[in-house]
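This report concerns only the one structure given below.
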Amino acid sequence: MKVNGKDYRTVWMEGSVIKMIDQALLPHRFNVIDIKNLEELKKAINDMNIRGAGAIGAAGGYGIAQAALQANDADFFAKVNSAADELKRTRPTAQNLFTVIDGILKKTAGIRDTGKAREETVKEAQYYADLDAESCRKIGMYGAGLIKDGAKVSTHCNAGWLAFVDWGSALSPVYYAVKEEKKNVFVYVDETRPRCQGANLTAWELLQEKIPHTIIADNVTGALMWKGKIDLVIVGADRIARNGDVANKIGTYSSAVAAKENGIPFYVAAPITTIDPNCESGKSIPIEERNQDETLYMYGINDSGNYSRVRIAPEGCTALNIGFDVTPAEYIKGIITEKGIFQASEKGVEEILKGSINV
Ligand code: MRU
């Protein structure tokens, strides 16, 4: 990805410092923040300075590497294991965090020499970050074939490069179709209340990439589908169950139902690290509930250029802020992965997982 002409990843590591694009202030301020210890990393994930399934996964992996680099020989294994436990408690829904952390621990489990274990932990964290970027590039390559020249694509939340290490999942096919295949593509960007990842992040990414788009309030999507204005829906995923059910940002289910009602193909794009082989169906996916203030207030920049929040609901009201919903497999035309496009079904997921790295 390029920001103001310079190559960036969403998250990376320099020595024992984790660097990340601060997504909490985008699109108004572009800032890279330094994460120097576990407490800072947990806070950054909780406060969504970094968010999005793949980016959280990579950050979690780097967190384990950071703990390994900062631990003494005497407390090495205790420090690394407790960092893993604490990081896994930050956000419950996105599977990538668990796949990456468990993957690193499994790979280094038998190593007793702390020097070797440290080296291997850092190497594995980098492996997962690179894997995320490369898997997303391939998702773009496979998914671009679904996009016809002149297509109007709908997407929900931000499943672009900010949600991963690079390229993104749902937006990667759009980037590939435009950049590599020179197709014209127009994107309808769901605003994605309450955190507005669509209006804040997807729109900003598409501006950086010079891809034509417009932001719509979440409740506009169905009307546009009914009017025949949308050709294709591609969304991301935070966790995919063994039967092909998909958890993604709240509002995805409504979009999928409206798409099916209007005969519009609805695709989910995700790297294999998003699949939870231990989750039988969407019913057992843990769904995060976040602070009600995210719904009661709006955040943004005012006319004087100051970042501020404003209350939009009466004092004394409460709000229910459920972060994700589950779209049953029957609404999904296919799952776009780095191995190709598969059926959203038990058989399809089994095929995706054959020989994969999921732990
Ligand atoms: O709560 P967030 O912003 O971390 O949400 C996760 C997501 O990025 C979306 O649900 C997205 O569509 C999944 S793809 C990373």
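Modelled this way, with points 7 Å down the Cα-to-C-beta line, the labels at Ser16 and Lys36 are 1.2 nm from one another. Contact order for the chain, expressed relative to its length and based on alpha carbon pairs under 8 Å spaced 6+ residues apart, stands at 16 percent.
So with the 1.4 Å probe, I'd like the accessible area per residue for segment 146-353, rounded to whole Å².
Values: 8730 Å² over 208 residues.
Ligands and nucleic acids excluded, the result is 42 Å² per residue.
Remark: the chain carries a charge dipole of roughly 540 debye about the Cα centre, counting +1 on each Lys and Arg Cβ and -1 on each Asp and Glu Cβ.
Between amide H atoms placed 1.01 Å from N, distances below 5 Å from Tyr297 occur with Ile312, all of them 5 or more places distant or on a separate chain. Think of the chain as having a plus end and a minus end, set by charges on the Cβ of Lys, Arg, Asp and Glu; of Ala71, Tyr188, Asn49, Tyr188 sits farthest toward the positive end of this dipole.
Within the listed set Cys317, Cys136, Cys279, the Gaussian network model of the chain (springs between alpha-carbon atoms below 10 Å) gives the highest mean-square fluctuation for Cys317. For segment 203-277, the square roots a ≥ b ≥ c of the C-alpha gyration tensor eigenvalues yield an a/c of 1.5 or more together with a/b not exceeding b/c, which makes the shape oblate. Three principal axis extents of the chain based on alpha-carbon atoms, in descending order, are 65, 52, 43 Å. Couplings for segment 303-310, taken from phi via the Karplus curve 6.51 cos²θ - 1.76 cosθ + 1.60 with θ = phi - 60°, read 5, 8, x, 9, 6, 8, 10, 10 Hz in order; Gly and Pro are left as x. A cut-off of 5 Å between modelled amide H atoms, ignoring neighbours fewer than 5 places along the same chain, links Phe324 with Ile250, Glu288.
Test of understanding: in a Gaussian network model of the chain with alpha carbons linked when under 10 Å, which of Gly316, Gly52, Gly115 would top the mean-square fluctuation ranking? Looking only at Gly316, Gly52, Gly115, the largest GNM fluctuation is found for Gly316. Under a Gaussian network description of the chain, with springs only between Cα atoms under 10 Å, the residue in Ile312, Ile341, Ile21 that fluctuates furthest is Ile312. Taking a threshold of 24 Å on the Cα-Cα distance, which of the pairs Lys88/Lys354; Lys283/Lys339; Lys19/Lys79; Lys283/Lys333 fall above it? Exceeds cut-off: Lys88/Lys354; Lys283/Lys339.
Ranked by the mean number of other Cβ atoms within 10 Å of their residues, highest first, the peptides 282-289, 187-194 fall in the order 187-194, 282-289.
The solvent-accessible area of Lys179, taken with every protein chain present and a 1.4 Å probe, is close to 80 Å².
Going by the alpha-carbon gyration tensor, a ≥ b ≥ c the square roots of its eigenvalues, is segment 146-353 rounded (a/c under 1.5) or, if a/c is not under 1.5, prolate (a/b greater than b/c) versus oblate?
Numbers: a/c = 1.71, a/b = 1.22, b/c = 1.40.
Because a/c hits 1.5 or more and a/b fails to exceed b/c, segment 146-353 counts as oblate.
Residue by residue, segment 219-226 carries 3J(HN,Hα) couplings of 7, 8, 3, x, 5, 5, 5, 4 Hz when phi is fed to the Karplus relation 6.51 cos²θ - 1.76 cosθ + 1.60 (θ = phi - 60°); x denotes Gly or Pro.
Adding -39500 (n - 2.57) for every DSSP H run of four residues or longer, then dividing by how many residues the chain holds, sets the calculated 222 nm ellipticity at -11000 deg cm²/dmol. This model, with +1 at the C-beta of Lys and Arg and -1 at the C-beta of Asp and Glu, gives segment 2-137 a dipole about its Cα centre of some 300 debye.
Relative to one another, the C-alpha centroids of segment 228-255 and segment 302-333 are positioned 18 Å apart.
Database remark: amide H of Val3 closer than 5 angstrom to the amide H of Tyr8 (H placed geometrically; neighbours at sequence offset of 5 or more, or on other chains; Pro and chain starts carry no H).
Phi angles across segment 62-75 convert, under the Karplus curve 6.51 cos²θ - 1.76 cosθ + 1.60 with θ = phi - 60°, into 3J(HN,Hα) values of 5, x, 5, 4, 4, 4, 5, 6, 8, 7, 6, 4, 5, 10 Hz, Gly and Pro given as x.
For a test of the definition: using alpha carbon positions, the gyration tensor, and the 1.5 limit on a/c, classify segment 252-348 as rounded, prolate or oblate. All intermediate terms of the calculation are to be shown ahead of the outcome.
Details: a/c = 2.31, a/b = 2.10, b/c = 1.10.
Because a/c hits 1.5 or more and a/b exceeds b/c, segment 252-348 counts as prolate.
So between Asp73 and Val3, what do we pick up on full extension, going 0.36 nm a residue minus the alpha carbon distance? Working shown, then result.
Values: separation 70, 0.36 × 70 = 25.20 nm, distance 4.00 nm.
Here the answer is 21.2 nm.
Quick one: length gained pulling Ile287 to Lys210 fully straight, 0.36 nm per residue minus the C-alpha distance?
Values: separation 77, 0.36 × 77 = 27.72 nm, distance 3.42 nm.
Roughly 24.3 nm would be gained on extension.
The values are calculated or read from the model by the stated rules, or taken from the named source; none is laboratory data. Just so it is clear, the structure is predicted and the values come from calculations on it, not from any experiment. Note that each Cβ is placed from the backbone with ideal geometry, even for glycine, and that neighbours are counted across all protein chains shown. For accessibility, only protein heavy atoms count, side chains too; no ligands or nucleic acids. Shrake-Rupley method; radii C 1.70, N 1.55, O 1.52, S 1.80 Å.
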